[in-house]
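Enquirer: This is the structure, below, for whatever I ask next.
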Amino acid sequence: MAENMNDNIPFFKPSFSQDEEDAVLRVLRSGWLTTGPEALAFENEFSRFIGGTHCLAVNSATSGLMLAYDAFGVGPGTSILTTPYTFASTATAARHLGADIRWADIESDSYNIDPNRIEEALKKHPEIRAIVPVHVAGLPCDMEAICYLGKKYGKAVIEDAAHAFPSRTPGGFAGTLGDAGVWSFYATKTITTGEGGMVHVRGDEAEKRIKLMRSHGINRTIWDRYTSVQASWVYDVVEDGWKCNLPDILAAIGREQLKKADSFLDQRSKTARKYAEAFRSCPSLELPPDGTGNAWHLFLLRIIPEKLTIGRDEFAAELQKQGLGISVHFIPHFELTYFKKRYNLTREEFPCSARRYETTITLPFWPGMSEEQEDRVIRAVISTADTYARS
Ligand SMILES: *Cc1c(COP(=O)(O)O)cnc(C)c1O
C-alpha cells in the first residue's frame, strides 16, 4: 500500500511479526505465565549470542542496574559515578539502595563519559564504589580507559548498555566489558519485550547475589519449586530481596527478537548511512559520532546554532509540524528537579553535556523504515536547515 503523505512518521516502531505472536500464544497455552522455562531459555540463548556466561533476565534495565549495583557493594555511604547525559534511572537505581550519585561530564566530541573527568572524580570522591559508563545511542564508551581506571582505583565498572545491543567491540560485546552490564528491552530499545532487561555479570558470588535479590531473597526459584522433587512449598527467605524477574510471556518475545537482532542492526545501520550521506554537506548540521561497534539505537542529529537563525526547540517544532515524530535524548540530570534540588546540580559544571543537550534532536529511526519515510525525514531536515540558514 502506498504511504499516505499526510501520515505522521513515528519516532520509533517496534518490529514484530507472526513469530512474536506465536511465541506469546505458546506461553499462554502452556499455562505457565511467570518466570520459567522461556526465561531460562532466553538467558541461555542471550549468553550464547554474546559469547559469555552469567546472563540474568530481569523485568527492566532499571531493576538490572539496581541489582548489579547492589551486587558490587553500592549502598549507604557509597556512591556511583555516571554522567548527567543519561536516563534518570541510571542514577536513581543507586538511590533505591540508599547510595548517592556523583557526575562527570561527557567528552567534547561524543555523548559518552570522559575518562579524564572520571579520574578527577575518583580522586576527589573516594566513596565512589562503581563507575557507570553509558553507551549513549549505542556507541561504546572508551571501555579500555574506563576499565583501567576501575582497576587502578579498585572500583567496579557497571555498564549501562541499555542502548547497546548488539554492539561488538574488539574486546567483546558492550555490556560484557566491565564487572557487570545491563541491556534494556523497553518498548523503544533495539530489541524489545515491552518491558525487560538482561544483566551480564562477572563472578559467581555476584551472580548468586543477583539471582537471590531478583526474587524476594528466596533461596529457590519458582520454577525449581514446581519442577524439583523437593516439596514445592519448602523455601526460605535469606535476604530482603526485591521482585525483578522477567515473566515467560515477555521472555518468549525476547527469544524471537534476539534471533532478529543482527538483521535489525543491519537495517538501522543502512538508514544511518543514508541519513549521514544526506546531511553531511549541510553546514548547519553535525552528524552523530560514529565508531567501532555502534549499535545505532538512536540517530542523534546536532544543529550548529551559530549557522542558523533558530535554535534546537524551533528546529524540532518545525520538524514536528512537517509530521516527524522527534525526541530529545537526553534531558540531562542538571535540568531535572529531583537532581537539581538534592544535589544542587548546575549546567555550568557540565559544559559538554549542556552544549549537546541544547543542540541535539533525535530523528525518526527504527528497523524497517520505508525508503519513502527515510526520504521524508531527510527532506524535512534539509529544507528546515535551508530555510533558517544564517547568511
Ligand atoms: C531505557 C534506559 C534505561 C532504563 O531501561 P528500562 O528497561 O526502561 O528500565 C536506563 N538507561 C538508559 C540509558 C536508558 O536509555
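The values are calculated or read from the model by the stated rules, or taken from the named source; none is laboratory data. No experiment lies behind these values; they were computed from the predicted model shown. Ideal geometry is used to build each Cβ from the backbone, glycine not excepted, and the neighbour counts take in all protein chains shown. Surface accessibility is based on the protein's heavy atoms, side chains included, excluding ligands, DNA and RNA. Shrake-Rupley method; radii C 1.70, N 1.55, O 1.52, S 1.80 Å.
Enquirer: Name the residue that is farthest from the ligand (Cβ to nearest atom), counting only residues in the stretch 51-77 that are hydroxyl-bearing (S, T, Y) and in contact with a Gly (Cβ under 9 Å, 6 or more places away or on another chain).
Expert: It comes out as Y69.
Enquirer: Then there's this: For E239, work out the one condition from (1) within 27 Å of the chain's Cα centre (by Cα); (2) under 19 Å from A68 (Cβ atoms) it doesn't fulfil.
Expert: (1)
Enquirer: Next question, about the same structure. Got at least one residue in the stretch 323-336 being of a type in the set (F, W, Y), open to solvent by less than 60 Å² (accessible area, probe 1.4 Å) and within 23 Å of D114 (Cβ to Cβ)? Lay out the reasoning, then the answer.
Expert: If we filter the stretch 323-336 for residues that are of a type in the set (F, W, Y), which is where we start, we get 330, 334.
Imposing the further condition that a residue be open to solvent by less than 60 Å² (accessible area, probe 1.4 Å) reduces the set to 330, 334.
Still in the list and also within 23 Å of D114 (Cβ to Cβ): 330, 334.
Looking for residues that are of a type in the set (F, W, Y), open to solvent by less than 60 Å² (accessible area, probe 1.4 Å) and within 23 Å of D114 (Cβ to Cβ), one finds at least one in the stretch 323-336, hence yes.
Enquirer: In this structure, is R102 without any contact (Cβ under 8 Å) to a residue 12 or more places away in the chain and in contact with a strand residue (DSSP E or B) (Cβ under 9 Å, 6 or more places away or on another chain)?
Expert: no
Enquirer: Let me ask something else about it. Tell me the residue from S215, S184 that is of a type in the set (S, T, Y) and touching an Asp or Glu at 6+ places or on another chain (Cβ under 9 Å), please.
Expert: Of S215, S184, the one residue that is of a type in the set (S, T, Y) and touching an Asp or Glu at 6+ places or on another chain (Cβ under 9 Å) is S184.
Enquirer: Sticking with this one: Select from the stretch 291-320 the residues that are closer than 18 Å to R376 by Cβ and either out of contact with any helix residue (DSSP H, G or I) (no Cβ under 9 Å at 6 or more places or on another chain) or among the aliphatic types (A, V, I, L, M) (or both) and list them in ascending order. Lay out the reasoning, then the answer.
Expert: We begin by selecting, within the stretch 291-320, every residue closer than 18 Å to R376 by Cβ; these are 299, 301, 315-320.
Those that are closer than 18 Å to R376 by Cβ and either out of contact with any helix residue (DSSP H, G or I) (no Cβ under 9 Å at 6 or more places or on another chain) or among the aliphatic types (A, V, I, L, M) (or both): L301, A316, A317, L319, Q320.
Enquirer: Filter the stretch 83-124 down to the residues that are among the hydrophobic types (A, V, I, L, M, F, W, C) and within 16 Å of the ligand (Cβ to nearest atom) and list them by number.
Expert: Passing the criteria: F87, A88, A91, A93, A94, L97, I101, W103, A104, I106, I113.
Enquirer: Within the stretch 181-195, can one find any residue that is touching a strand residue (DSSP E or B) at 6+ places or on another chain (Cβ under 9 Å), at pLDDT 95 or above and away from the ligand (no atom under 16 Å from the Cβ)?
Expert: Scanning the stretch 181-195 turns up no residue that is touching a strand residue (DSSP E or B) at 6+ places or on another chain (Cβ under 9 Å), at pLDDT 95 or above and away from the ligand (no atom under 16 Å from the Cβ).
Enquirer: Test of understanding: among K270, K259, which residue is touching a residue at least 12 places away in the same chain (Cβ under 8 Å) and either surrounded by fewer than 16 Cβ atoms within 10 Å (Cβ to Cβ) or not hydrophobic (A, V, I, L, M, F, W, C) (or both)?
Expert: Step by step, each of K270, K259 is checked, and only K259 is touching a residue at least 12 places away in the same chain (Cβ under 8 Å) and either surrounded by fewer than 16 Cβ atoms within 10 Å (Cβ to Cβ) or not hydrophobic (A, V, I, L, M, F, W, C) (or both).
Enquirer: Follow-up. Please return the ranges of helices (runs of 4 or more DSSP H) entirely within the stretch 275-391 where 1 or more residues are within 30 Å of T176 (Cβ to Cβ) and of a type outside the set (A, V, I, L, M).
Expert: Details: elements: 312-321, 337-343, 351-359, 371-387.
Output list reads 337-343, 351-359.
Enquirer: OK, next. Residue under question is R225, and the condition is that it be open to solvent by 70 Å² or more (accessible area, probe 1.4 Å) and out of contact with any Phe, Trp or Tyr (no Cβ under 6 Å at 6 or more places or on another chain); does it hold?
Expert: Numbers: open to solvent by 70 Å² or more (accessible area, probe 1.4 Å): no; out of contact with any Phe, Trp or Tyr (no Cβ under 6 Å at 6 or more places or on another chain): yes.
Spelling it out, it is not the case that R225 is open to solvent by 70 Å² or more (accessible area, probe 1.4 Å) and out of contact with any Phe, Trp or Tyr (no Cβ under 6 Å at 6 or more places or on another chain).
Enquirer: Let me ask you something else. Which members of the stretch 139-172 meet the condition of being among the polar types (S, T, N, Q) and more than 16 Å from the ligand (Cβ to nearest atom)? Explain how you work it out, then say what you get.
Expert: Pass one, the stretch 139-172, residues among the polar types (S, T, N, Q): 167, 169.
Selection gives T169 alone.
Enquirer: Quick one: in the stretch 228-256, of everything that is over 21 Å from P367 (Cα atoms) and among the acidic types (D, E), which residue is surrounded by the most Cβ atoms within 10 Å (Cβ to Cβ)?
Expert: So the residue we want is D248.
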